[in-house]
Structures are given as C-alpha cells and as structure tokens.
Amino acid sequence: MATTDVALHEAFGQKEPKRVVNNMSIQVATVNGSGSQSSNTVLLRSIFQMGVPVSGKNLFPSNIAGLPTWYTIRANKDGYIARKKEIDFVIAMNAETAQEDVMSVAPGAAVLYDEPLNLNKLRGDLIFYPVPYDKLVAPVCPEAKLRKLVKNMIYVGAAAQLLGIDMAEVEKALRKQFATKVKAANLNLAAVRAGFDYAATNLTKQDPYFIQRMDKNQGMIIIDGNSAAALGCMFAGVTVVTWYPITPSSSLVETLIDYMKEYRIGPDGKATFAIVQAEDELAAIGMVLGAGWAGARSMTATAGPGISLMAEFVGLSYYAEVPGVVWDIQRVGPSTGLPTRTSQGDILSTAFLSHGDTKNILLLPCSVAECFTMAQDAFNLAEQFQTLVFVMSDLDLGMNNWMSDPFEYPKEPINRGKVLTKEDLDRLGGFARYQDVDGDGVGYRTLPGTEHPAAAYFTRGTGHNEKSGYSERPDDFEKNMERINKKFDTARSFVPRPELITSGKSKSKIGIIAYGTSHWAIIEARDQLRDEYNLEADYLRLKAYPFSREVHEFIEQHDRVYVIEQNRDAQMLSLIKLDIKPELVTRLRSIAHIHGLPLDARSVTDELTSMEGK
C-alpha cells in the first residue's frame, strides 16, 4: 500500500494535517469529445452512493469536439449543492489548460495530473500526484483508437484511491453507466483498477481531502432537470410535442420521446401521441397553438433564440386565448451568445413577449422535483387561463445532474379549464366565447368536434367582440383587453406561491429575493452571512409570475431587499418594480451575475456584505 499522510508526517516529526472529510470541490479538466462525461458521472455517482450529498456541474464548449471542458463535483456533508467558487482537488487532463488550471487554485489544493505535463514545476504550494496515463492504458486497452476514451477511467481509479472512495461503489456506478454494454463495462473497470492500483503503489497521500461513508442520501435519486421535466410533461398528459433542436433544451424532448414510446403506446400498438421535429421554432410554436386549439395538451421546448422567433405566435395565443406550454431552458444571450453557459436572461422579454400589450405566465423551477411538478402546473394553468405558460428553467438545472427525493405520483386531477360540452350547450342554448361570465376574466370555450350547432366560434387574432365576431370598435377592443388583463390578475391566486425562509427569530431588516437555481447559492450564502458577519437575512424564493400578495408583503416588511439573479440588467427586479407601490421601489437593491457559470454562495456573500458596508 502507499505511504499514508499520517506515516509521512510522523517520519518528519510533523503533526498530521487536519483531515477535510466530505467537504470538497473536485474539478476535472479534459477535452470535449474525449469520453470524460462517462468517467465524471461514475465519479459523481460513486460519491453519491457513499451517502455523501453531491452535485455535478459541466462546463463544456459549444463546438462538437476538441475544446476544453471542465466538470466540477462538489461533495458536502452539510448538503450544500451550489457551485463552490474554490477548487480543492484538480484532475488535470488537458495540456492546453493545465497550467491555467494549476495557477488558478488556492495554496494547499491537490493536483492529479498526466505525468508528461510536468505540472509540479509550476508551484511549490500545491500537492501534486503525477500519473502516467498512456503507459497504464496501453495494456488495459490493446485497441489504440479506444484508448482516448478509456484513459479517463484511470483518473477515476486514482482519485478513488486518494480520496478513499469505495471501489465497490465505483464498480456499481460504472456498471450502471454501461448497463447494456457488458464488454465496455469490463474494459472501463479494468482501467479504473489500473488507476487505483497505481495510486496505491506509487502515490503518497499528502492532501487532507477524504470521502467517508455517510447516510444522507437514503432513498434519493440522481436526475437532470430536462429528464425530470420530460417525466412531468408525460404525467401531465401531453399528447402533442413540436420542437426544433437547440442547446440546452434538446435533451428534454429527446428524453420525452423515449418515455412516450415506452409508456404511451396504446393496446393496439399505436402511439397515443404525436412528436414532430419542425423546420424551425416558428413552425414549432405554430403547431403548438394549432394542437392546443384542437384540444390537445401541447408543448414545445427551446432556448432564448427560439423564444425570440416565437414572439408573433405568442401574441396570437395571448389575444386569441389558445393554451400551450413552452419550456425555455435559458442560456447566455443576446444573439448566439454563449450557448453552453447558464443564465436567467430571458425573464423580462418572455414576460412581455410579442408586440402590443401582453403579459405571460412564467413558472420558475429551482429543482428537478419542481421541473416535474411544475410541468403539471403549467398544463393546468395553460388550460385554466387559455394562454401560453412558460416554464423558465436554465442550462444548469436542465443539463446537470441533481440529487432529489423520488417524485410523488400526481394526486390532483387534470384541470381542463372552462370547456363546454354538448350537454352544457343543450342546457345553455349557446355561448359567447369571449364573455366574462364568472368575473375572473376567463371565457368559456368549446373544442372542435363538439356535436352542437352552437359550439362553433371564430378564433381571431384580429379585433373581436364577446361573441368572437370581427370588430374594430374601440369599445370592443378596450373591453376585450381589459378582460384579458383581469384574467392575468386572477392568475396571481392560482400560480405556485413563493417560499418564505426566515431566520426563526425577530424579523430581519434585510430581505433577499431570488428564483430558479440561484436558490442553492442563497441557502448557503445566508448561512455564511449569519456565521461570518452575524447578519440575518430573510429570504423569499419566487416560483411564478404574476406575483402573489406575498411578494408585496415581503418588501413592505424589510428596509432593504436584495434581488439576486443571473443576468446583467436586473430583469426580475424590473418586473417587481412595475408591480409594487412606487414608494417601495427605493428599498430594492440588485445583485446581478452574468458570467455564465452557476451562481456560487461566496460571490453573493461578498457582494451583499460590501453593499451593506461590512
């Protein structure tokens, strides 16, 4: 066995360094297209299976292959799963970025690297572990063209040995990764063992970082947000999906296709759904509206550029009042921007998407569990309010792996909204499509094929009156627009309510408002503020727009409210300003991040304390 850090320090009469157990950030630097995704997933899942809370963040380029890729694994015994700003353990496999990777970490970090890179000459305040990957992979993988892919598994084995990860868990994770490919699993496992054995024989443990078995993940699963969203849409009863591929939303529909083929084939062997890859985003959203008008539960998934293209059809949905669901997996814009970086940059534009006066319902999931549940909320709200509902996910949530409790089977029945049947029309004798009968702004509709002479109506994007007749009368137009606006106000009472987290003591003077994946950094930042600065901050996590009364009350109850988001222009803060009393606007402060990396707690803490004069 390798010399341990204890024996090493005893030999020199030194004290053993303080062990850091289940609290580290591991950064794997590789090349895109080298097969490192499988290796990184195995490493992540191995730690997860040891009961340690863990999260994984993939920072990858927008080309197909050849450019640098970084994958960060955070293990934290306290359950913090936001990206950690500091890196503790570097696995340097990319010659192009190796020097920068080494120079960017703090003193005391560990570096596991490809021996020919000679990284140990760069700094004297880091702990270096050289591994001759090419020499180790050659006897394991005789086929030269596969070595580039298999080589990455060697660092999994070396890291497992150095960090104390149970090899039985590594093998379990690996066989899950290659579940249907036994030969590939055996080949990769041999590479893992080669790395493990080399580290055990040749590397002396000197860094303080260890993974030890815990019991914090009992019964939990690992899943990415796009897969969770796909499951949620299937359970919500989606029957028509039209889409055009775009990063980072493509995997949502690709996964949904697999689920629907497995679980939504009728007894006659025929599909009970239609999934169509359209020629562009314009066609995709047009098909969503056509299907929604016909009575199907319909959806599309896209990203910012697709949202921009859909604007005119979104206005048609708003004014003609046709239901549908749009998933926006946000990425950095404007224009092509950074297609493989995360952002919350579509909030303001989507809230008012299309020309003229429009207001759209937005749902704001922060977790994979909410991707599942809000998929169902979205379809119910879309039909209840006869409009498009946008689910504003992001690349971090959609494409990265997250821990979660298993999803609960839906208990609430599907809400189709105000749909008149033949029996209803027999009783009523007729109806006016755009009349506000109940005082909530929502009219009654019929579905095509309803066998009643009074069921038909014109669906118009042009001016119309209550009975859907063509009209350019100013009073008809104004009345119709005010009714639709009332419908939006009614939605305030039906969208998911915000989550309030307080200090548990007296009310703090400081409040934080955030949404989406920023949530995980805020949870940790609040603890840092309390523990390091004795600063308590109440926290309101938004789940939807339009805002409910809780948002107004939260701002009224605090002297200063920091709105934290991942865009440049404080977009959510702008929406809040439009919604609250003018005298409350001066209480709002903005903390905005636009670097494309998932938000980390330390950045929030540093900026907030600076603004507080700490």
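Helix 311-320 axis versus longest C-alpha principal axis of the chain: approximately 40°, rounded to the nearest ten. Each residue of the stretch 428-434 was assigned a 3J(HN,Hα) from its phi angle through the Karplus curve 6.51 cos²θ - 1.76 cosθ + 1.60 (θ = phi - 60°); the sequence is 7, x, x, 7, 10, 4, 10 Hz, with glycine and proline shown as x. List the pairs from 509/577; 183/261; 151/216; 151/176 whose alpha-carbon separation is above 21 Å, in the order I gave them. Those over the limit are 183/261; 151/216. In terms of the mean number of neighbouring beta-carbon atoms within 10 Å, the peptides 384-395, 515-526, 257-268 order highest first as 384-395, 515-526, 257-268. For 464, 552, the ranking by accessible surface with the largest value first comes to 552, 464, using a 1.4 Å probe. Rolling a 1.4 angstrom probe over the protein heavy atoms with all chains in place gives the stretch 499-611 an accessible area of 39 Å² per residue. Ordering 599-606, 555-562 by mean Cβ neighbour count within 10 Å, with the highest value first, yields 599-606, 555-562. Amide H contacts for residue 463 (H built 1.01 Å from N in the peptide plane; partners 5 or more residues away or on another chain; cut-off under 5 Å): 471. For the stretch 499-611, the gyration tensor built on C-alpha atoms gives an oblate shape. Its axis ratio a/c (a ≥ b ≥ c) is at least 1.5, and a/b is not larger than b/c. Taking amide H positions as modeled 1.01 Å from N, with prolines and chain starts lacking one, the residues under 5 Å from residue 389 and 5 or more places away or on another chain are 324, 325, 326.
Expressed to the nearest 5 percent, the antiparallel share of DSSP beta bridges inside the chain is 35 percent.
At the listed q of 0.10, 0.20 Å⁻¹, the Debye profile of the stretch 192-329, built from one uniform point per Cα, gives log10 I(q)/I(0) equal to -0.49, -1.15.
For the stretch 531-548, backbone phi angles converted through the Karplus equation (6.51, -1.76, 1.60; θ = phi - 60°) give residue-by-residue couplings of 6, 9, 10, 6, 10, 8, 9, 6, 9, 10, 9, 6, 10, 6, 10, x, 6, 8 Hz, Gly and Pro being listed as x. Here's the picture: charge each Lys and Arg Cβ at +1 and each Asp and Glu Cβ at -1 in the chain, and of 580, 329, 131 the one pushed furthest to the positive end of that dipole is 131. Charge tally around residue 370: other residues with Cβ under 11 Å, Lys/Arg +1 each, Asp/Glu -1 each, net 0. At a Cα cut-off below 12 Å, give the aspartates and glutamates reachable from residue 77, other chains included and same-chain residues fewer than 8 away excluded. In chain and number order, the partners are 215. With respect to the cross-link table entries 18/148; 418/486; 359/418; 422/486; 85/148; 507/614, which display a Cα-Cα separation exceeding 25 Å? From 18/148; 418/486; 359/418; 422/486; 85/148; 507/614, over 25 Å: 18/148; 422/486; 85/148. Amide H to amide H, with H built 1.01 Å from N, residue 111 comes under 5 Å of 90, 127, 128, 129, counting only residues 5 or more places away or on other chains. When Rg and Dmax are taken over the Cα atoms of the chain, they come to 27.2, 96 Å. Among the protein heavy atoms of the chain, carbon and sulfur supply 52% of the accessible surface, probe 1.4 Å, non-protein parts ignored. If you take the Cα centroid of the stretch 26-96 and the Cα centroid of the stretch 513-586, the two points sit 30 Å apart.
Seen against the Cα atoms of the chain and their longest principal axis, helix 601-611 is set at about 70 degrees. Normalised by 2.2 N^0.38 Å, where N is the number of residues, the C-alpha radius of gyration of the stretch 419-491 stands at 1.13. Surface calculation, 1.4 Å probe, protein heavy atoms: residue 477 sits at approximately 100 Å² accessible. Could you work out how far helix 167-177 tilts from the main Cα principal axis of the chain, as a 0 to 90 degree angle to the nearest 10? It works out to around 40 degrees. If a/c stays under 1.5 just call it rounded; otherwise compare a/b with b/c (prolate if a/b is bigger, oblate if not). Do that for the stretch 3-210, with a ≥ b ≥ c from the square roots of the Cα gyration tensor eigenvalues. Verdict is rounded for the stretch 3-210.
The values are calculated or read from the model by the stated rules, or taken from the named source; none is laboratory data. All of these numbers come straight from a predicted model, not from anything done at the bench. Reconstructed Cβ throughout: ideal geometry from the backbone, glycine too, with neighbour counts over all protein chains shown. Surface areas here come from the heavy atoms of the whole protein model, side chains and all, with no ligands, DNA or RNA. Shrake-Rupley method; radii C 1.70, N 1.55, O 1.52, S 1.80 Å.
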